[in-house]
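Here the structure is laid out as structure tokens; the discussion comes afterwards.
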Amino acid sequence: MRYITTVLIIVIAIVVSSMLMAAEREFTNSIGMKFILIPAGSFIMGSPSNEPSRSSDETQHQVTISKLFYMQTTAVTQGQWQKIMGSNLSHFKNCGDDCPVELVSWDDAQDFIGKLNRQERTDKYRLPTEAEWEYAAWAGTITPFSTGNCLSTDQANYDGNYPLSGCPKGENRQKTVRVASFAPNALGLYDMHGNVRQWCLDWYGNYSSDSVTDPTGPSSGSYRVNRGGSWNYSANLCRSAYRYNIRPDYRDYGLGFRLVSTN
């Protein structure tokens, strides 16, 4: 069960951090990637036993994110990818520079991050941990989606033929769309549900049932985590708590990433 006190902690953290760090609420880097401040706080990671279509690996446990971080407001776009990598490997190239890059493996994302860090003479960019990603996706909510108990295709790009149980059907666009085509969540993040799945830093593994601080997943494994669902996924696979794991060298038309900045 997620407690009301947890929501209050998150809301208070957002308000206090915004007041104290208003001048550093967001920044844009050298290739036009916009990042927004995500405050520190605690939340209940995973899904309750009565959440529709929940998976057995979504064990609820309390997580504390002890330090603020910045998260990219959108997935990495094709235009941003080309500025760093010099080419575009996406399937949906006709979608344009403002559409998310896809066909990106976890290994490809690491190559991009390395080159971006070298270009900006820093080491601050990386993939989000699974806990950071889920914390940002919830954005203080306790429902399956940051939009509530249902996710409509006016709120996200997914296969609207397959809504969450009890929710109305919608459109199936059968392709990616431009990033930020829909309203952001309460933290100012776009497309945390649908459009393209997003790689996380962690190896995939079972959650601890204990309270943890700044978890980073197992020390080794065979599969990396990705989150958020995609344009060709059903709504239940776009839930904030849903976990997907695949090989780090795997690529497909619905798989991209977004970055965080930590200093």
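Remark: the chain carries a charge dipole of roughly 320 debye about the Cα centre, counting +1 on each Lys and Arg Cβ and -1 on each Asp and Glu Cβ. Using a simple spin-label model with pseudo-atoms 7 Å out from Cα toward Cβ, PHE27 and THR59 lie 3.8 nm apart. For THR28, THR64, the sequence from fewest to most other C-beta atoms within 10 Å is THR28, THR64.
With contacts taken as Cα pairs under 8 Å at a separation of at least 6 residues, the chain carries a relative contact order of 25 percent. Think of the chain as having a plus end and a minus end, set by charges on the Cβ of Lys, Arg, Asp and Glu; of LEU164, GLY46, MET85, MET85 sits farthest toward the positive end of this dipole.
Segment ASN117..LYS34, full-extension length gain: 28.4 nm, with 0.36 nm per residue of separation and the alpha-carbon distance subtracted. With a cut-off of 12 Å on the backbone N, the residues of the range 40-66 near the modelled label site 7 Å out from THR262 along Cα-Cβ are 66. Cβ screening of the chain for cysteine pairs under 4.7 Å finds these without a partner: CYS200, CYS238.
Exposure proxy for VAL260, VAL225: other Cβ atoms within 10 Å of each Cβ, ordered fewest to most, give VAL260, VAL225.
Among ILE36, ILE44, rank each residue by its count of other Cβ atoms within 10 Å, from fewest to most, as a rough exposure measure. Can you show the working numbers first?
Numbers: ILE36 16, ILE44 20.
Listed from fewest to most nearby Cβ atoms, that is ILE36, ILE44.
Going through [x] 1, 6, 14, 18, 21, 18, 13, 7, 2, 0, 0; [y] 1, 6, 12, 17, 17, 14, 11, 8, 6, 4, 3, 1, 0; [z] 1, 5, 11, 13, 14, 13, 10, 10, 8, 6, 4, 3, 1, 0, 0, the figure that equals P(r) over Cα pairs in 5 Å bins from 0, in percent as computed for the structure here is [x]. Here each label is just a point 7 Å from Cα along the line to Cβ, and for ARG251 and ASN172 those points are 2.6 nm apart.
Evaluate the range 105-183: find the radius of gyration of its Cα atoms, find its Kirkwood radius, and give the ratio Rg to Rh.
My calculation of the ratio gives 1.09.
Enumerate the residues in the range 246-263 having an amide nitrogen under 12 Å from the point lying 7 Å beyond the Cα of LYS124 toward its Cβ. Under 12 Å, as judged by backbone N against the label point of LYS124, lie 260-263 of the range 246-263.
How large is the helix-only mean residue ellipticity at 222 nm for the chain, computed as the sum of -39500 (n - 2.57) over DSSP H runs with n ≥ 4, divided by its residue count, in deg cm²/dmol to the nearest 500?
Numbers: 4 runs with 48 residues, N = 263.
Helix contribution divided over all residues of the chain: -5500 deg cm²/dmol.
Which of GLN119, GLN198, GLN82 moves the most in a Gaussian network model of the chain with Cα springs under 10 Å? Highest fluctuation among the options: GLN119.
With R₀ fixed at 35 Å, the C-beta to C-beta distance from ALA183 to SER222 puts the FRET efficiency at about 0.40.
Every number here is computed from the coordinates shown, using simple stated rules; none is lab data. The structure displayed is predicted, hence computed values, not measured ones. Note that we place each Cβ from the backbone using ideal geometry, even for glycine, and neighbour counts take in every protein chain shown.
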